[in-house]
Amino acid sequence: MASTAVLLLQLLLVSLASAAHLLGGSAAFTYRGQNPDGTYRVDLRTKSIFTRCDYLSWSCSGSNCLNVARRPSGVIDRNTNTPVNTCEAETVFTTNVSSDKPFQMRASGCCWRSTANSVNNWRLLTEVDLGKRSDTRKPNRSPDIGILPFLRVPQNCPRTYKLTSFDPDGDKVQCRYGNVRGTECDRCNLPPGFLLDQGSCTLHYNYTQANIKAFALEMVVEDFPQGYINLQYGDGSRSSKAPMTVRRGKRAATTTPTPLSKLPMQFSFLVDPPAPSCQEGAFLPKFLTPTPANGGRFLAEVNKELEIRVKAQATDAKINNIVVSGPANIKKSQNTQGEFVLRWTPLPDDHGQHFVICFAVEAVKSPAVYQSEMRCVLVEARSEIVKSHVICNESSMTVSVEKASFPRLHEDHMQLNDPSNTACSLQRHSNSTHIIAIIPLNACGTQIEEDKENLIFKNEITTVDNPSDLITRKHQMEVQFYCQYSKQGNVSLSFVAHRKNITVCEKGFGTFTYQFEFYPNNQFQTMMDPAAYPLEFDIGKRIYMKIKATSSVNNTELFVESCRAAPYDNPNYHPTYSIFENGCKMDPTVQIHSPAEQKEFKFSMEAFKFIGLNNQVYISCSVMMCEAGNSNTRCSKGCINSTSTSPPRSKREAVIQSASHFVSQGPLRLRRSAESVRATATNLNLNLVFIAGCVLAAVGMVCGVVVYRAKVSKVKYQPLPTFES
């Protein structure tokens, strides 16, 4: 017996020693309707952040409580930049109650991680009232709230946090500090140095002394109707709810009405030592485009992936992390453009609900960690709108979109990113029921991205007023899609990076082919082997290029109007680096070499790389064919300064010069960058995966995305074999 008691004591001590400590928690509820037996079902979606992945245990309090069941928890995010490693998890508790009368859900226990304001026990309370509202004829819906569970700011940098709150019933949402000790909170006092604007749910940090311990903030979120309403219950009884402020006669009188619901919102706030500067963009990260604004709204379709891009800069510290709070299946990654990408796929059970996604970027200058402002966006989960499907294989992606999804649009007014190549025409493969496009991974304006785990090829179908127009102001729909290949797994067929020749047929010029190649020296005799791509150069080494046209029509000449460099093979990518513009040299290292004939253009320049994470360079040129010796053609005019104006084209010009066509070649890479990548197997570069024995993974995650006007949502399907078509 004694040995058993000792063993139990040892196990208890081990359990206590390994127990996680709380750093924050919140909850929101969803009414799921009546069960077949007449009882009522409510889902309580809870979030909790501990020093290791754990969850709060919630119980039901009320005479109508029956049972509570917990679903498995899902991890939202982990952070190693905090004083102790943290893990935020989401857990859903399903509660069944016997009537639609009010009840409470509670979580209480010990202990918070040691706090600066002496909060020890956790006390979280949720109040739910299922009475039918007189204004909506439905039970009250929970406000949607969002907060990062661990905020931090330098002692000397005042900051304002707009705590995101949205009410689907249009009610007034208020955020106050907990004031019912032992039920809503443990200490129930807002720490000094903080100010809370209850009406706007805005928390102001002004100043307080830095502390290695975080403050525990114990807040409560409540919703109140905009006017007087009644709640009717199944037993025939009623209760009334009043707005926050009512008017009586000529004088305004403030009332203290009871809220429709009550939610906990508790989180940690760490005050760090002073920063050398509070200027955003120096030590504190500053958000850049395309980061969405705080309070931005998105539509997401069920079973389709939503993508949110976040970018920030800090000139005096190194950006190394993004912290996120949102639904449990949200994912984060960083691409080679330095952007953080958040991806989330709503499930069928999420239909009709709203979700808040909050994020902040962190930069490090050891030993200090600097956190950006917090931004939150609201996402509404909708059912599928446009039906699309994508299949990926080793060298192309096939997208199929049901025409019935958009009956007023036709493929004549839809195009890919770059429709200049006839192979990229949507009319080529479409039929009476589907828009179908087969897109090579290296053509049609396909953009290439990579992160630590995946290679991603992206394109989109967009609407245009007139296929010959450059812009549109009637942008009705975008169908964005991509193929995502894992860098790890069984190997499949390789992808060839070298760009093939482009053949064009035009009235008055017959058929002609453009060839764009790189050469090892100024002799321009033997082009670089296509199998050697991506080509490797040292910074400053001269690169030799030749564009040649082969035409079935004699007496023609080639003209290169512009050439630009970009980190991606996409003529629409911005920003680009100009080599030629309007026929004029823009790069000071460019040399033009004497051509052997009128249908070729030879030039060279010194190798360079783009600043930042982009190690690759593609060269894209706009070229045309003209009638040789005709002074009225664009070719004969040569370099035209941007300030000068060219005369309008006459009708005769339609047969003396061709349209402009894009030709591109690449990628080029710095030899130093290539060697560095080869030495780091876990950080494979995009193009090394393409060439020389590095091949795409056999299974890709296939994705299609639909965006209506300015509202974004994305589709993701299950992995398909690469041989499927």
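What follows draws every value from the coordinates through simple rules; no lab data is involved. Because the structure is predicted, anything quoted here is derived from the model rather than measured. Ideal geometry is used to build each Cβ from the backbone, glycine not excepted, and the neighbour counts take in all protein chains shown.
Tell me the relative contact order for the range 276-384 as a rounded percent, counting alpha carbon contacts under 8 Å between residues six or more apart.
Working: 262 pairs, mean separation 39.6, N = 109.
Answer for the range 276-384 is 36 percent.
Quick one: what are the phi-derived ³J(HN,Hα) couplings along the range 585-595, Karplus 6.51/-1.76/1.60 with θ = phi - 60°, whole Hz, x for glycine and proline?
5, 10, 8, x, 8, 5, 10, 9, 9, 4, x
Name the long-range amide H neighbours of Arg152: under 5 Å, sequence gap of 5 or more, or other chain; modelled H, no Pro or chain starts.
Leu270
For the range 335-398, what's the relative contact order in percent, using C-alpha pairs closer than 8 Å and at least 6 residues apart?
Over the range 335-398, the number comes to 28 percent.
Go ahead and collect, in residue order, the members of the range 333-350 whose backbone nitrogen is under 17 Å from a label point 7 Å along the Cα-Cβ direction of Arg41.
Only 347-350 pass the distance filter.
Using modelled amide H (1.01 Å from N, peptide plane; none on Pro or chain starts), what sits under 5 Å from the amide H of Glu373, excluding residues fewer than 5 places away?
none
Could you go through the range 346-352 in sequence order and give the Karplus-derived ³J(HN,Hα) for each residue, using 6.51 cos²θ - 1.76 cosθ + 1.60 with θ = phi - 60°, rounded to whole Hz, and x for Gly and Pro?
Values, residue by residue: x, 9, x, 5, 8, 4, x Hz.
Near the amide H of Thr164, under 5 Å away, which other amide H atoms are found, from residues 5 or more places off or on another chain, if H is placed in the peptide plane?
Here the answer is Gly146, since their amide H atoms fall under 5 Å of that of Thr164.
What's the ranking of 92-105, 195-208 by average number of surrounding C-beta atoms within 10 Å, highest first?
Output ranking for 92-105, 195-208: 92-105, 195-208.
Would you mind putting 132-140, 68-76 in packing order, based on average other-beta-carbon counts within 10 Å, highest first?
The peptides rank, most packed first, as 132-140, 68-76.
Taking the mean number of other Cβ atoms within 10 Å as a proxy for protection, how do you rank 433-442, 587-596 from highest to lowest?
Ranking the peptides 433-442, 587-596 by packing returns 433-442, 587-596.
Post the alpha-carbon centroid distance, the range 67-143 to the range 275-342, in whole angstrom.
Answer, in whole Å: 26.
Rounded, prolate or oblate: which fits the range 81-124 when a ≥ b ≥ c are the square roots of the eigenvalues of the alpha-carbon gyration tensor, with rounded for a/c under 1.5 and prolate only if a/b beats b/c?
Oblate, since a/c reaches 1.5 and b/c is not below a/b.
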